[in-house]
Protein chains: 2
Amino acid sequence: MRPTLQDMASILNLSKSTVSRALAGDPRVAEATRNRVVALAERIGYRPNPIAQGLATRRTNIIGLAVPCAPRSLSDPFYLEFLGAAGDTAMRYGYSLLLSAADGDGADGYHPHMELAHSARVDGMILTEPKIQDERVGILRKMGLPFVFLGMAEDPDVSWVSGENTGGAAEAVAHLIDLGHRKIACVTGPADQTASETRFKGYREALAEAGIPLDLNIVASGDFTQIGGYQAMKSILRHDGDISAVFASNDVMAFGVMRALREAGLVIPDDVSVLGFDGIPLTQYVNPPLATVRQPISELGSAIVEVLVGQMNGKSLCPIHKVLNVEYQPAGSVAPPRCR
Amino acid sequence: MRPTLQDMASILNLSKSTVSRALAGDPRVAEATRNRVVALAERIGYRPNPIAQGLATRRTNIIGLAVPCAPRSLSDPFYLEFLGAAGDTAMRYGYSLLLSAADGDGADGYHPHMELAHSARVDGMILTEPKIQDERVGILRKMGLPFVFLGMAEDPDVSWVSGENTGGAAEAVAHLIDLGHRKIACVTGPADQTASETRFKGYREALAEAGIPLDLNIVASGDFTQIGGYQAMKSILRHDGDISAVFASNDVMAFGVMRALREAGLVIPDDVSVLGFDGIPLTQYVNPPLATVRQPISELGSAIVEVLVGQMNGKSLCPIHKVLNVEYQPAGSVAPPRCR
DNA sequence: CTAATTAATGCAACCGGTTGTATTATTCGT
DNA sequence: ACGAATAATACAACCGGTTGCATTAATTAG
């Protein structure tokens, strides 16, 4: 059996409370006593039982992470990198990440991730893929559980951390326009997600800036997966094969787009330029390398944990909205349009 | 405040124990009483506090998952898919996954993932990337904590779940040989991992079978990352540019290999064929699509959780070794060698 | 009709910590 | 030298459940 606080107390002829306080660094215990306690703990390998601590303090030091399981995310390297950074930062603050990898997007009013929230097992939650009119906000707020979104939330009272979607998309699309592209297709994400909306907005702004009318025939929505991007591109090509560039709302969909274009006999970038979003490492390893808007993925992971930790400690009661800079990253998948 | 068992008991004029037993389905409580209890629980939204349950029962219903954070894994889609399936299956069995995403591989004798194990927060652990002579085995065994490896472990007494590495690699390499390839380079994983060893063994077996001598000049080891594959391939090309095919021990490294080949002016598959391992979805989206050995990634995730759950329930005291079939998946990155 | 069973519930200890307050031992001022 | 302040530690309640055993009530057998 692992030693308990009581074991330590018995050995040292002290009370549980003194031992507990000694380990917690309470200034009330004498220096000499603390040393004895620490030495013994070291020697017999005592470690406080976090479950018992959790019961007593009502804090678990665990952060719940709601990653959408199906169909997206769990094959999107973006999330892995994000998750790694978040986990690392959490650890630095003394927290662990409890994964809620559940199917179901709450379309039926049932939010599987909220199970975790209700469970009293976590001190706070990180939510991904904020929706327009996200029902989870109400649920969590009612419970008084701190939470932070990865991605912009509509409600001004909730905290979130996001990349500069609109500006980044606008800048990248403007770059396509500068090269001479006029017919630029767009593969968006699911309409109910704020990330889809904000990136699409950047696309529209860039077109508007250049005086190019929005043509909905060359806009299709995917679901942030490779297949989704593939299918969306197919559908665009059926309507109108005469595009010279495509902006996909994330890299993974861009890969699907590239495949659809190739299957249509089009060469990238000679016939069609392709632009992604996210900046996952893989973009540099495909052929041709994918131009993209690089998000600081790891920083997003770190920042979101830091914001959440702040909320949990009650330091900042007011909501925090953090926008991290993104950067257009040119690559071989983008070139001037074919002369004609 | 969320209602407690005591609250329920007070309202119903029952004792805590009866309420607890009613909810647990103990046959000793009267049917009518149970109904009252369940109805009230439903009405006021009572949910047992898992922390308190954990303290009382000494079970947390949490599975620890040690994912190697740096440098690999957390950008390898393989792990995400695995993780998704594992999380899903865990949930089905009433468990959650606690992530240990920490740096450090124990090279200095310190294993960050073991923190989780020591914490008494988890009922069992899933370990990835088993090493040859893995020190973690001793640590966990001493604590008596159930654990299962993803990938073959040397020690016959530990449980593991793995794809058929050796056979799969041999079959795929044999396919290259059938096509006429003779000089087949190999980019292996880190030498201390069993996965590297077993896949490399398949490569050697296929060569031996065909009477082709092993040439260590065209073998280099990577670290299962894109960059690692890229650098390993570069180094092979420096020694000997005259290869006609490459077998990379995982898909992600294969992407790096492809990039290195392209930078050397070589065309895939005309000049050099490339073969990967894992079968991540992305293989079908790169150009040309990557031939690979498809592992049943989701099944690996499900199976490993099931094995672990079995161990935790003490059903099976004897170690379980589960090998899942893999399948060679041809694609455009492999073609007969250029005639000369 | 009483003793022995059985059914239903309650009591109280326990899991392993934290923390407010009481207690004892020192030290200090005057 | 004595009461007050201070330092160091102990006591005991509490967090919210689970569980062995005692208790009470109802039923059955003889």
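Things to note:
- B:L12 modelled with pLDDT of 85 or more, within 13 Å of chain A (Cβ to nearest Cβ), within 16 Å of DNA strand C (Cβ to nearest atom) and in contact with a helix residue (DSSP H, G or I) (Cβ under 7 Å, 6 or more places away or on another chain): no
- Set side by side, the residues A:A24, A:A52 differ, and just one is within 39 Å of the chain's Cα centre (by Cα) and modelled with pLDDT of 95 or more, which is A:A52.
- Of all the criteria given as (1) surrounded by 24 or more Cβ atoms within 10 Å (Cβ to Cβ); (2) more than 21 Å from A:G279 (Cβ to Cβ), the one not satisfied by A:D157 is (1).
- Evaluation of A:C318 against the conditions (1) without any contact (Cβ under 8 Å) to a residue 12 or more places away in the chain; (2) within 13 Å of chain B (Cβ to nearest Cβ) shows that the sole unmet condition is (2).
- Residue list for region A:28-42, restricted to those being more than 13 Å from DNA strand D (Cβ to nearest atom) and open to solvent by 40 Å² or more (accessible area, probe 1.4 Å): A:A39, A:E42
- Evaluated against (1) modelled with pLDDT of 90 or more; (2) crowded, with 22+ Cβ neighbours inside 10 Å; (3) under 16 Å from the mean Cα position of the chain (by Cα), B:H113 falls short on exactly one condition, (1).
- Restricting B:G25, B:G45, B:G54 to residues that are within 13 Å of DNA strand D (Cβ to nearest atom), farther than 30 Å from B:T128 by Cβ and facing another protein chain (nearest Cβ under 9 Å) narrows the list to B:G45.
Residue-by-condition table, conditions (1) touching a strand residue (DSSP E or B) at 6+ places or on another chain (Cβ under 9 Å); (2) within 16 Å of DNA strand D (Cβ to nearest atom):
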position	(1), (2)
A:R121	yes, yes
A:I126	yes, no
A:Q133	no, no
A:G151	yes, no
A:A170	no, no
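- Filter pass, B:Q311 being open to solvent by 20 Å² or more (accessible area, probe 1.4 Å), within 15 Å of B:G163 (Cα to Cα) and polar (S, T, N, Q): no
- Close pairs from region B:326-340: first surrounded by 15 or more Cβ atoms within 10 Å (Cβ to Cβ), partner in a loop (DSSP other than H, G, I, E, B) and of a type in the set (K, R), Cβ under 8 Å, at least 6 apart: B:P337/B:R182
- Failed item, numbered, when B:L290 is tested on (1) open to solvent by less than 20 Å² (accessible area, probe 1.4 Å); (2) touching a residue at least 60 places away in the same chain (Cβ under 8 Å); (3) in contact with an Asp or Glu (Cβ under 8 Å, 6 or more places away or on another chain): (2)
- The set of residues in region A:117-143 being touching a residue at least 40 places away in the same chain (Cβ under 8 Å), surrounded by 20 or more Cβ atoms within 10 Å (Cβ to Cβ) and aliphatic (A, V, I, L, M) consists of A:A117, A:V122, A:M125, A:I126, A:L127.
The values are calculated or read from the model by the stated rules, or taken from the named source; none is laboratory data. What you are looking at is a predicted structure, and each value in this text was computed from that prediction instead of being measured. Note that each Cβ is placed from the backbone with ideal geometry, even for glycine, and that neighbours are counted across all protein chains shown. For the accessible areas, the whole protein counts, side chains as well, though only heavy atoms, and no ligand, DNA or RNA atoms are used. Shrake-Rupley method; radii C 1.70, N 1.55, O 1.52, S 1.80 Å.
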